[in-house]
Each structure stands twice: as C-alpha cells, then as structure tokens.
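What follows is one structure encoded as structure tokens, with my remarks underneath.
The values are calculated or read from the model by the stated rules, or taken from the named source; none is laboratory data. The structure presented is a predicted model; accordingly, all values stated were derived computationally and were not measured. Methodologically, a virtual Cβ is constructed for each residue, glycine included, from the backbone with ideal geometry; neighbour enumeration extends over all protein chains shown. All accessible areas refer to the heavy atoms of the entire protein, side chains included, with ligands and DNA or RNA removed. Shrake-Rupley method; radii C 1.70, N 1.55, O 1.52, S 1.80 Å.
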Amino acid sequence: MPDQPPGSGHTRRSELVPYRRAGLPARRRSAPSVLLERGWDRWQEHLAPAAVILLGVLAVISFGLVVRARTSEPDPSVANLPVAPTAAQVPIPLPSASPSPTVRPVNSITFERGSVPEVVDLPAEGSSDWVHWGEQGKYALERKTDGGFAILEGTPDDPRTRDDSSPERYRWSGGSPLADAKGVTSGIRLCGEGDGFTLNAPAGTVGSTLKLFVGVGAGQGLLQLRLSTGGDVVTDRITERGSGITTASYTVNYRATGTGKISVKWITEESYGGACGGVVLYAATLS
C-alpha cells in the first residue's frame, strides 16, 4: 500500500509499532518482573489453605472407605459358628414354682453344768415361770404368781426333810403364797438310794430353757432328762462323799418335734454313810 500523504487523517503503520524494525516480526509486550512476583505470592496465599483442606477431605473419605470395606468383610473366626435359634423358634420354659424347703424341728436336749451364783434372783432367771422349795415347810413351795404352773413336781417322796444349809441365797418378788423373800437358804432333801424328785415343763418346736438349782450330800446324784416326743435320754452325775453340800446349776436348752413336755429326774443313785445321804432341790426356772 502506498504511503498516505501528510494531513490525510490516517496514521501510518510504522507509527503504531515504533519498536518494530523493518523486516522483523513484531514482539509481544511482557509484564514487568515485579508484577509477576506479586501475583505469584497472592496465588500462594490462597492455594496453601485450599490444598490443606483438600488433603483433609481426601483423608476422611479414604478412612471411611477402608472402614466400610473391613466391616463388610465376614469375620472368619465366627463364620462357621452355629446360629443360635431365635426366641420364636425355641420356647423358653418358665420356672415352675417349687415349695421352699421346710426345716423340721428335732428332739434336742443340751445342758451346761455350772456353779450357783452367790445370790439367785428367781424372777430374773425365769421369765415364764419359777419355783422355790421348802421355805415354809418340807411340803411347801413358792412359785411365780402368774407363771401358769408351767413347772410341776410329781408326787413327793419320803423321807423328805427341809434343809437350810445352802451356801447360796435365793430371792424373789411376785410370788405365791410367799410374795417376797430375800436371803433364803432353804431347800428340800431326800435321803436314801433311789429317792429323789421328778419335775416336768412344757416342750414344743420353739426352744426353751430350764434352769435347775440342786445339791447333793454324802451321796451321788443322778440327773435324767427326757422329751415325751422322743429322742435320747440325757444324764449327768454329781458326787459328794463328805457330809457337806455340793451345789450346782444346770442350764438345760431343749426343743421338741411337736407339743409335749420335758421330764426331769434328780434322784439319789448312791448313799454314803449312816447319815442322810441324798439329793437336795432348791429352785427351778423356765424361760
């Protein structure tokens, strides 16, 4: 194309690209290096957090896929175990009501022999009943007013004498026919082999305690205990060869298979010398 003359209003091509040399292709403008560095720094500021977030998301997804794959795989350790039947397949039997075991009472007698306290308080020893012998005569006895005659003596034997040589003392209140007494040393003595006392008291399936306060002089005394409902006969002996009195207390615990009674014998098994060798009965209590 021919060059336009000056003043024609058109600009020549050579004026638009002043840095273009004749015969050489035109070069693109390049941005200054300062501008390029600033742009890269801005990209780094945005790319670093985005990359961290992306890595976290990928890690969570990967972990979920692994867990799902493991849980979906069958466990070889339980693969061959038998399958338990369901409740619908096997009915569960209900426990049948069984009667509770019943503890049956047995005929039981146990005793303990000990010394007599210096002072014997009969109401304190026998809550159910108590009896004392001989304070008002050889056939007399004093007993708990409201005891209901639980302790009973059999037919008295002879020769029967009143003895007041007890080394211990007896006291009571609420008695009959003698209401109150303190410092009593009396009792009843039977002399001669085979002579003695017989007593009885109620027995049942609930345990009871009978206490006997006895003595023996110049002889051997034999104690026999028996339940009317059965069981073994329990015995014990006390010997005193001198003329003095040996006293003792028996604590007898007993229980029967049913309603019955306990029988007590305190007799002279042997008598020594020409004196009145035999057994003495002072008191008995029941609780």
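For this structure, a couple of remarks:
- Residue within segment 137-150 that is open to solvent by less than 70 Å² (accessible area, probe 1.4 Å), closer than 18 Å to G278 by Cα and part of a loop (DSSP other than H, G, I, E, B) present: no
- Of the residues making up segment 230-240, those that are open to solvent by less than 40 Å² (accessible area, probe 1.4 Å) and not charged (D, E, K, R) number 3.
- In a residue-by-residue description of segment 262-277, the property of being acidic (D, E), part of a loop (DSSP other than H, G, I, E, B) and either without any contact (Cβ under 8 Å) to a residue 24 or more places away in the chain or over 20 Å from S165 (Cβ atoms) (or both) applies to no position.
- Residue ID - nearest to the chain's Cα centre (by Cα), chosen from residues in segment 217-229 that are open to solvent by less than 20 Å² (accessible area, probe 1.4 Å) and under 19 Å from Y282 (Cα atoms): L225
- Matching residues, segment 151-166, being farther than 20 Å from S287 by Cβ and assigned to a strand (DSSP E or B): R160, T161, R162, D163
- Selection within segment 151-163 - open to solvent by less than 70 Å² (accessible area, probe 1.4 Å) and among the acidic types (D, E): E153, D157, D163
- Here S271 does not fit the description of being surrounded by fewer than 16 Cβ atoms within 10 Å (Cβ to Cβ) and polar (S, T, N, Q).
- Segment 250-266: number of residues that are in contact with a Gly (Cβ under 9 Å, 6 or more places away or on another chain) and either buried (at least 20 other Cβ atoms within 10 Å of the Cβ) or farther than 22 Å from L227 by Cα (or both): 5
- Total residues in segment 167-216, condition open to solvent by 20 Å² or more (accessible area, probe 1.4 Å), at pLDDT 95 or above, assigned to a loop (DSSP other than H, G, I, E, B) and touching a Ser or Thr at 6+ places or on another chain (Cβ under 6 Å): 3
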